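Reviewing the structure listed below.
Derivation of every value follows stated rules applied to the coordinates shown; laboratory data play no part. Quick caveat: nothing in here was measured; it's all calculated off a predicted structure. All Cβ positions, glycine included, derive from the backbone under ideal geometry; neighbour counts span all protein chains shown.
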Amino acid sequence: MTSSEHGRQPVAEQRASDPPPPGLSLQVLHPGNFALVMASGIISIGFKTLHFELLGDVLYVFALGAWIVLLALSAGRISVFTQAVRGDLLNPRMVFSYFTLVAATDVVGLLLHARGYPWLALACWVFAFLAWCSLLYLAFSVLSLEPQDISPLLWVIMGAAAISANAGTTLLTEDPRLPFLAAQHAFIDGVTLMIWAWATWWIPMLFLFGVWKHVANRLPLTYEPIMWSFVFPLGMYALASARLGLAAEFQPLQWISQAMIWVAFAAWLVVLAGLVRRVLTGLTNRWAADRGSGSGT
C-alpha cells in the first residue's frame, strides 16, 4: 500500500462506517447540494425564456437564496470542520462533487445578469472561474482512480466548463451596459473560447474513462440517480457551442451544437429508460414478494 493510499483510506472508511452526528450537522454537509441551485436556476431561466414570469421569478428567488445559504453553510463547515473538508478534497470519490459549486455560481451569474446586475454577475463568474481552476488542481493532485471510482459526477467538470463558456457568450452577445465590460470584450472572447476548448477536451477523455470501467474492467452499467449528472453537461455543451458560434460567427460550432443536442437527448432517453426499468423491477419484485407471503399464510 502506498503512502497516498494509506492517507486516503481512513477518510473513505470513516465516511462509509462512522454514523453521522445526530440531527443536521455541518460536518456531514455534502458539497453536491449545490446541484439544487443548478437545477432551480436553469428551470428559472427556462420559465423566463418562455415568458412564465411569475414562476421564473419564484425559482430565481429560491435559487439565489439557496446559493447564499449553501455558501454560508460551506464557509462555516470550512472554518469549524476543516479536517472533514480536507478529507473530502483528498478523496477521489468526493472531490468532484465540489464542481457543483462552480456550475451553481455560474447559473446564479446568469440569473443576476438577466435582471440587470452585471457587476454581481461578473463577480460570480470570476469566483466560479477561480474555484474551477483550484478544484482542477486538487482533483488532479489526488487523481488515483480505480474503476469503481469512475462516476457520472466526473462529467460535472465538463459541464462546469461549458456553463462558464455559456456565461461568457452572454457577455459577448449582449450590449454592454458598462464601459468596463466593453473594454474587456476581447479578453472575454479569448477566455470564453479557451474554456469551451477545455470542455471539448474533457469529452473524449471522460468517454474513455467509461470504456475503461465498463468494457476493459467489465463493471456492469446499471442505473443510479447520479447518472442524470451525465446528461446535464451534454445539454449545456450543446447550448454553449450554439451561443459561441453565434457570437464568433463561426458556422462549424453550430454544426457541433446541432449534433450534441441529439447526443444529449439520446443520453436522456437512455437514463430515463434505466429509471423506468429500475422502478418496474422494484414493483415486480415487491409484487412477487407480496404474492409469496400471501400464498404462504
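Taking amide H atoms as placed 1.01 Å from N in the peptide plane, the amide H of residue 91 has no partner under 5 Å among residues 5 or more positions away or on other chains. Taking a ≥ b ≥ c as the square roots of the eigenvalues of the Cα gyration tensor, segment 206-297 is prolate, since a/c reaches 1.5 or more and a/b is larger than b/c.
Dipole magnitude for segment 25-282: about 500 debye, using +1 per Lys or Arg Cβ and -1 per Asp or Glu Cβ, origin at the Cα centre.
Among (i) 30; (ii) 23; (iii) 51, find the value of percent of Cα pairs over 33 Å apart that was calculated from the structure presented, and write down its label. Evaluating percent of Cα pairs over 33 Å apart on these atoms matches (i). Across segment 106-122, coupling constants 3J(HN,Hα) worked out from phi with the 6.51/-1.76/1.60 Karplus curve, θ = phi - 60°, read 5, 5, 4, x, 4, 5, 5, 5, 5, 9, x, 10, x, 5, 5, 4, 5 Hz, and Gly and Pro carry x. Across segment 80-121, the residues whose backbone nitrogen lies under 16 Å from the label position 7 Å along the beta-carbon direction of residue 62 are 108. The length gained on full extension between residue 222 and residue 134, counted as 0.36 nm times the residue separation minus their Cα-Cα distance, comes to 28.5 nm. Applying 1/(1 + (r/R0)^6) with r as the Cβ-Cβ distance of residue 289 and residue 215 and R0 = 45 angstrom yields a FRET efficiency of 0.85.
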